[in-house]
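The values are calculated or read from the model by the stated rules, or taken from the named source; none is laboratory data. All values derive from a computational prediction rather than experimental measurement. Because the Cβ atoms are built from the backbone with ideal geometry, glycine has one as well, and the counts that use them run over all protein chains shown.
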Amino acid sequence: MVDDVWERTTCAAGDTVFREGDAANQAYIVQEGEVAIEKLVEGKIKVLGTIVKGGIFGEMGLVDDSPRMATARAKTGVTLIIVSRRMFSKKLNKTDPFIRSLLNIFVDNIRTSNASSNNPAAEVPTEAEEG
């Protein structure tokens, strides 16, 4: 079925996947390579985390339709699986309403914490930081 085909894209080391403030139209799963999540803090680029093979990034904007909180840049050559807004919504709509509400609460809490925190490292949790 065409709806089950996952689109992919590739980026060379140093390429920008998206920038802080961009509209969030899709999320990405790292199939190969590494992606750095960066934020401009006091005039300097701070790396908040690295997303490795199997990790996902850019998903928060799909949950709450808010702009990107940080910039994603390829650390190495990468192959990314694109999770479109349509596909994300289709899968989310099949989820229990309690889980959907919980997901919205999590995203809101992260964004609120980001807005009030002086600790930039707490802004973007990554799979790499979890395990």
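Numbers below:
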read-out	value
Among the candidates Glu20, Glu38, residue that is closer than 13 Å to Ala72 by Cβ, under 12 Å from the mean Cα position of the chain (by Cα) and part of a loop (DSSP other than H, G, I, E, B)	Glu20
Given (1) surrounded by 15 or more Cβ atoms within 10 Å (Cβ to Cβ); (2) of a type in the set (S, T, N, Q); (3) more than 12 Å from the chain's Cα centre (by Cα), index of the condition Thr71 fails	(3)
Complete set of residues in the stretch 1-46 that are hydroxyl-bearing (Ser, Thr, Tyr) and either under 26 Å from Asp64 (Cβ atoms) or touching a helix residue (DSSP H, G or I) at 6+ places or on another chain (Cβ under 9 Å) (or both)	Thr9, Thr16, Tyr28
Enumeration of residues in the stretch 40-63 that are surrounded by 14 or more Cβ atoms within 10 Å (Cβ to Cβ) and either within 28 Å of Thr95 (Cα to Cα) or touching a Leu at 6+ places or on another chain (Cβ under 6 Å) (or both)	Ile51, Val52, Gly55, Ile56, Phe57, Gly58, Glu59, Met60, Gly61, Leu62, Val63
Residue match in the stretch 16-35 (condition: at positive phi, modelled with pLDDT of 95 or more and crowded, with 19+ Cβ neighbours inside 10 Å)	yes
Whichever residue in the stretch 1-15 is of a type in the set (Asp, Glu) and assigned to a loop (DSSP other than H, G, I, E, B) and, among such residues, is modelled with the lowest pLDDT	Glu7
Candidates Ile37, Ile29, Ile45, filtered to the one that is of a type outside the set (Lys, Arg) and closer than 15 Å to Ile81 by Cβ	Ile29
Number of positions in the stretch 102-121 that are surrounded by 11 or more Cβ atoms within 10 Å (Cβ to Cβ) and at pLDDT 80 or above	5
